[in-house]
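Reading through the structure tokens given below for one structure.
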Amino acid sequence: LGTLQHFYTLPLWTYVRFCLWEDALDEPKPADDLKYPTGVWHFARGMALAHTGRPEEARVELDELSRYAHDESLNDVTIWDLNTTRDLLLIAEQVLGAVVAEAGGDFSRAETLLREAVHLEDSLEYDEPPSWFVPPRQRLGALLLRADEPAEAEAVYREELAIYPDNGWSLLGLSQALKAQGK
């Protein structure tokens, strides 16, 4: 059941991954009994709202997402019996929280939340494709670049490339971090 719900959320993950914010906002809310897809829906909406200049509305979506992320019943809803949907929503909560914090100018809080998201992602059981589709290391690296910390961003992108070699997004981030350092 969890794996089928995960498949159901794939359009939402795609919208977030490729910054298709209007598509994310146009997606109808899942049925009330589909807690995991509803949590992902709140995540996608929050990401879209934060990235389209509506951080207060994104905060509302974060609050809704948090309710699902802390729903203990989602520990029983797994993807291929490897990772719980609650684990994924906890990562989503950290990532969206970071985006909302950054939108409010709190880079320190955003960095802390993204580092927690990285830790949570690293705690997932290996699966291919990965159960979590929006790498927090890439988002952390980009945040560090915006905060004018290119050496730290370089380290983060290199960590991500050690896990997923030849990833285009990570290679671009690494290139930007190196260029910012004159390397």
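The values are calculated or read from the model by the stated rules, or taken from the named source; none is laboratory data. As the structure is a prediction and not an experimental result, all values here were calculated from the model. Heads up, the Cβs are rebuilt from the backbone with ideal geometry, glycines too, and the neighbour counts pull from every protein chain shown. Calculation scope for accessible area: heavy atoms of the full protein, side chains included, ligands and nucleic acids excluded. Shrake-Rupley method; radii C 1.70, N 1.55, O 1.52, S 1.80 Å.
Here is how the numbers come out for the structure above:
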quantity: Pairwise FRET efficiency - residue 18 versus residue 70, Cβ, R0 = 35 Å, nearest 0.05; calculated: 0.80
quantity: The chain - percent of accessible surface contributed by carbon and sulfur, probe 1.4 Å; calculated: 53 percent
quantity: Rounded D (µm²/s) - the chain, Kirkwood Rh over Cα pairs, Stokes-Einstein at 37 °C, 0.692 mPa s; calculated: 198 µm²/s
quantity: Amide H contacts of residue 106 (H built 1.01 Å from N, under 5 Å, at least 5 apart or other chain); calculated: none
quantity: Cβ charges +1 (Lys, Arg) and -1 (Asp, Glu), total dipole of the chain, debye; calculated: 540 debye
quantity: Integer Hz, Karplus 6.51/-1.76/1.60 couplings in order for the stretch 163-175, x for Gly and Pro; calculated: 8, 10, x, 6, 5, x, 5, 5, 5, 4, x, 4, 4
quantity: Options 161, 31, 133, ranked by Cα towards positive dipole end of the chain, top entry (Cβ charges); calculated: 161
quantity: Per residue, in Å², the accessible surface of the stretch 1-124 once ligands and nucleic acids are set aside, probe 1.4 Å; calculated: 47 Å²
quantity: Residue-by-residue Karplus 3J(HN,Hα) for the stretch 99-104, coefficients 6.51, -1.76, 1.60, Hz, glycine and proline x; calculated: 5, 5, 4, 5, 4, x
quantity: Inter-probe distance in nm under a simple model that places probes 7 Å from Cα toward Cβ, at residue 127 and residue 147; calculated: 3.0 nm
quantity: Alpha-carbon centroids, the stretch 37-114 and the stretch 150-183: separation in whole Å; calculated: 25 Å
quantity: Three-way shape call for the stretch 79-152 based on the alpha-carbon gyration tensor, with the a/c threshold at 1.5; calculated: prolate
quantity: Exposure rule at most 16 other beta-carbon atoms within 10 Å, DSSP loop chymotrypsin sites (Phe, Trp or Tyr not before Pro): the chain longest free segment; calculated: 19-79
quantity: Where GluC sites (Glu not before Pro) fall in DSSP loop in the stretch 66-165, at most 16 other Cβ within 10 Å; calculated: 125
quantity: Qualifying aspartates and glutamates (Cα of each under 20 Å from Cα of residue 179; at least 8 residues distant if same chain); calculated: 148, 149, 152, 154, 159, 160, 166
